[in-house]
1. Counting other Cβ atoms within 10 Å, which chymotrypsin sites (Phe, Trp or Tyr not before Pro) in the range 420-507 have at most 16 and lie in a DSSP loop?
2. If we count every other residue with Cβ under 13 angstrom of GLU275's Cβ, Lys/Arg +1 and Asp/Glu -1, where does the sum land?
3. Please report ILE338, ILE277, ILE397 as a ranked list, fewest other C-beta atoms within 10 angstrom at the top and most at the bottom.
4. Taking H placed 1.01 Å from N in the peptide plane, check which residues at least 5 places from ILE189 or on another chain put their amide H under 5 Å from its amide H.
5. Structure shown: which of LYS177/LYS467; LYS77/LYS158; LYS394/LYS488; LYS265/LYS332; LYS177/LYS434 lie over 30 Å apart, alpha-carbon to alpha-carbon?
6. Taking amide H positions as placed 1.01 Å from N in the peptide plane, with prolines and chain starts having none, which residues 5 or more places from GLY420, or on another chain, fall under 5 Å of its amide H?
7. Order of 84-91, 132-139, 458-465 by packing, highest average Cβ count within 10 Å first?
8. What are the GluC sites (Glu not before Pro) within the range 186-265 that DSSP puts in a loop, where the Cβ has at most 16 other Cβ atoms within 10 Å?
Amino acid sequence: MYCSRCGCEIKAGGRFCPQCGNAAGGFPQPSVDKKRNPKSASGKRKGKKWITIIVSVCLLVTAVGGVFLYQKVFSEKYLALVINDEGKVGYINENGKEVIECQYDMGRRFSENGIAVVGERIDVDDEGNPIYRYGCINQKGKAITECQYVDMGDFSDKSGLAYVVKISVEDEESIWKYGYINEQGEEVIPLQYNGAGSFSEKGLALVWKVVREDADSIWKYGYINEQGEEVIPLRYDYAEHFSESGLACVGKIVGEDADGYSIKKYGYINEQGEEVIPLQYDYAYSFSESGLACVEKMVREDEESIWKYGYINEQGEEVIPLQYDKAESFSKNSLAVIGKVEGKDEDGYPRYKYGYINKQGEEVIPMQYDGATSFLENGLALVEKENGEGIYEKEIINENGEKIMGSLSTDTYMNTFTGGNGFFYITEWVDDAKYKIFDKTVLTISGKFDYVDYNYGDNGTIAVGKKIGMLSDGQNKYECRYINEYGKTVMKVPDKYIYAGAFAKVK
């Protein structure tokens, strides 16, 4: 699913866009919650705030009239999205030349195959949110397919296919129908599904349909290949994409609880559709790069039903016992955040302490934190502690549990740049978000900005901006620029652009 405002991909189950804060939605989605109460490792949920940005790319290189602050030989192989002061989207090259006219109402970053998804606004919904129709263009600005789709995914590097969506009226009801187009804009897999994902490197895509069972409408999941053949039938009540291990988590309904909610059991299938790990768990994650998957079961303790977490390998063996009260998947550094209940708060809710274990199940960072995130690709994690006076503060730690940065407010968040080679940024929420950028040595390379594109530019720059005003339609206007890996401004964007996105390498 993609954000209707900025085009950023919203992961399954996400309720808000990670880029602009826009609420997810716009069409019926199957529930991805495997339980009625979603979990979070911090034990707290904080409402996401809104940043009024229209597009999902952040990095630039000046448009016509831009100020070049240092000399550089440009290859003309990079394009960046910009928005002008009329709210129209176009693209510039590294010389700052507007090579694709600002004429669209929304857009996404170019894929490496030289195709970008763009959109035209056709209406607004009952809440005043814009409604778009999507199409795609090549790097010369020529339309591959006109803006006719309700939604559209990015093209898969391997298959060269992208899912597209149109509205079909069935029994006086508007139904979203998914299919796939190729890079020539041809609908090569008919629009027949009620949901679909992108194709994996192994050439399989998750699809689902609404079917009628016992007078109820339920979702059924399966997988197709690049020829549109249903190689794994739509027989599951839940499914995830295949991981690099060649296994996918799937689930089936086995009954109902006392309140009438469905009870599912989860296991794993291989790419041939064989259930290689039985559907026996009450909750399960996809396998991580560590070769382990987090699973959980409900057990009875002190006349209460509680969840216990552990880890299995690709053979289904429980290599780390189901002994934790909270747990997340292993990160790339082979550490996983885990937690156990340590008393209850004043409202009677369980109070957790969090730490980290390695693949051998050894507690390498003690359970001493009141909240914790998984380690990011830069080898850092954000943790939270109560200071003894009822005030919670966050700090950043490394893989040895050493504090790298401390005394951060509870409204601080940390993210790495996509393709950022260890660079990361922290977000501090006051009235609006403020972003601060660091290199992989935790050296501050920039001051605070009002927006930072989470993509690290393929040309080695980062797009940032400071708010300088607002347009009549309520859209923020930014003074935009590109900075290099040392935090130095290498290009300022002309005033006619109010937003600029990350440079993308194209064919």
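FYI, it's all coordinate maths here, none of it is from the lab. This one's a predicted model, so the numbers in the text were calculated from it and none came from an experiment. Please note: Cβ atoms are built from the backbone with ideal geometry, for glycine as well, and neighbour counts cover all protein chains shown.
1. Passing sites in the range 420-507 are TYR486.
2. On the way: positive: ARG235, LYS252, LYS265; negative: GLU271, GLU274.
Local charge sum for GLU275: +1.
3. ILE397, ILE277, ILE338
4. TYR180
5. Values: LYS177/LYS467 39 Å; LYS77/LYS158 21 Å; LYS394/LYS488 28 Å; LYS265/LYS332 27 Å; LYS177/LYS434 39 Å.
The answer is LYS177/LYS467; LYS177/LYS434.
6. Excluding prolines and chain starts, which carry no amide H, the hits are TYR456.
7. Working: 84-91: 19.4, 132-139: 21.6, 458-465: 24.5.
For the peptides 84-91, 132-139, 458-465, the packing ranking is 458-465, 132-139, 84-91.
8. Details: sites: GLU186, GLU187, GLU201, GLU213, GLU226, GLU229, GLU230, GLU240, GLU244, GLU256; in loops: GLU186, GLU201, GLU226, GLU229, GLU240, GLU244.
Those satisfying the criteria are GLU186, GLU201, GLU229, GLU244.
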